[in-house]
1. At 222 nm, what value in deg cm²/dmol follows for the chain if DSSP H runs of at least 4 each add -39500 (n - 2.57) and the sum is divided by all its residues, to the nearest 500?
2. Net charge near T408: determine it from the other residues with C-beta under 14 Å of the C-beta of T408, scoring Lys and Arg +1 and Asp and Glu -1.
3. Only Cα pairs under 8 Å and at least 6 apart count here; give the relative contact order of the chain as a rounded whole percent.
4. Please go through the residue pairs K299/K411; K134/K196; K8/K449; K179/K222; K258/K447 and name each one whose alpha carbons sit more than 24 Å apart in this structure.
5. What is the gain in length, in nm to one decimal, between K16 and D106 on full extension, counting 0.36 nm per residue of separation less the C-alpha to C-alpha distance?
6. State the percent of C-alpha pairs, over all pairs in region 82-219, separated by a distance greater than 21 angstrom.
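Nothing in this text is a laboratory measurement; each read-out follows from the coordinates by a stated rule. The structure presented is a predicted model; accordingly, all values stated were derived computationally and were not measured. Counting neighbours? That spans all protein chains shown, and the Cβs are built from the backbone with ideal geometry, glycine included.
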Amino acid sequence: MEQLRDAKELIAVGKKMATNPNPKPIVILKGGRTKEGTEAVHSHTGSLAGIPEAYSALFDQACMMQAYSTQEFINTLVCFSQNPIPSGNSCAVLTNAGGPAILATDTLISSGVIVPSILGNHNPIDLLGDAQAKEYQEMLSKLESEESVHSILGIVTPQAVTKIADTANAFCIHKKTSKKPLAVSWMGDQIMKEGKEILDMGHIPVSKYPEQTAVMLSNLHKYASMRNQISKTQSEITPSSSLSSSPIDTMDPLSIVKSLGIPVPSYVCVKDIQSIPTSLSSLGDTIVIKLISKQIIHKTDIGAIRLNVLKSSAQKDADQMLEQVKKILPSVVVDGILLMDMVHISEGLECIVGIKKEAGLGTLIMLGVGGIFVEVMKDVTFRFAPLMYYDADQMIHTLKSSAVFHGTRGKQPLDRQALIEALLKVSSLAINHPEITELDINPLLVKPKGQGVIALDCRLTVTM
């Protein structure tokens, strides 16, 4: 396919087809995975959320399997059409050559499939180069009865003593009574042709290379996992929002964040530097100063933010900061100045939560590792609004740094629940205010478990 519209409707259709008693998998080959030719974007979320990311989020939420090449597309269609859905996420690799089995195992594991130790701590199971059809058949029978195995990947290479037709028939005999998915890497060309024809007649998915075979089985496992999770959460109700749908204040986006129930440090916004001395009474001794301007996208890049400023010298620091910014942007128009209590980060993780409208599809919610290096790290994930609880939880799980939330290197676990709630609130904001085209809460500091989250900055773009 080339282009789709209305992500919300497509997600509903995909979930319905996946959770039917007789599920119908949807496999999609989508072109256009590069960003060349797209227009410049103005926020962290915008720079990270493009068409490829939007479609990947859509396919994940809709339980649609995305293929990344024509070959993978066809292989996956064949594997899905000729196999049952696996009941779990483990695979046994059965081979007569060690090297191809290692390649297949690497691909399975990197795709999220478990390759467990079985039958005396062996897996892959190497029958060695002199393996005969009877040995394949006996081992296939053992794997069928092994409860910890949910699919089987067979590999056959042409050895001097390999009985090609007999070995292919061994797989076909097993397939007739098996309840587990099976795919075979049948390595070789003309010398293996007869066996390939036998496997085709036996309705067994076949690929010439072990990595390709592993990918098609991995896609089957991924679909089963997605379907199971969606089935568990079908009864979820999308969180409702009591947020006002009245126009929002674009000059004070932190007030919007605060209205969502997401904590924000004490702060004040003033129109000009001269107003600073009379506006500091509600703040602590050490503050942050930020210039507010539609022309300033990333404050750190041009010195439009100062940290650890003594309240007594706030006006002087603001003057110096504005002078520095004008050297870089002489025509800058300052809409205001934000003065905020300084938050000292000793424990926790800086995240970014964002909103980005994707024309024709819907509104994306982004979660990533935040701070000033968000575009460098690119540890981000996306889902379409409205988010369900499961969607928000999965967003955290799919981050490359997700292990940090459980506590690593002596650090405390982070408040995952508070982050999930923040994501759901931002999702409600996106639904309640369709005029929001882009939003960045960056950083959103996720504190240790039980301590919640706190938003330290926010940028907002609205289209009326």
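1. Dividing the helical sum by the residues of the chain leaves -11500 deg cm²/dmol.
2. +4
3. Once normalised by length, the contact order is 15 percent.
4. K299/K411; K8/K449
5. 29.1 nm is the gain from fully extending K16 to D106.
6. The proportion of pairs with Cα distances above 21 Å equals 31 percent.
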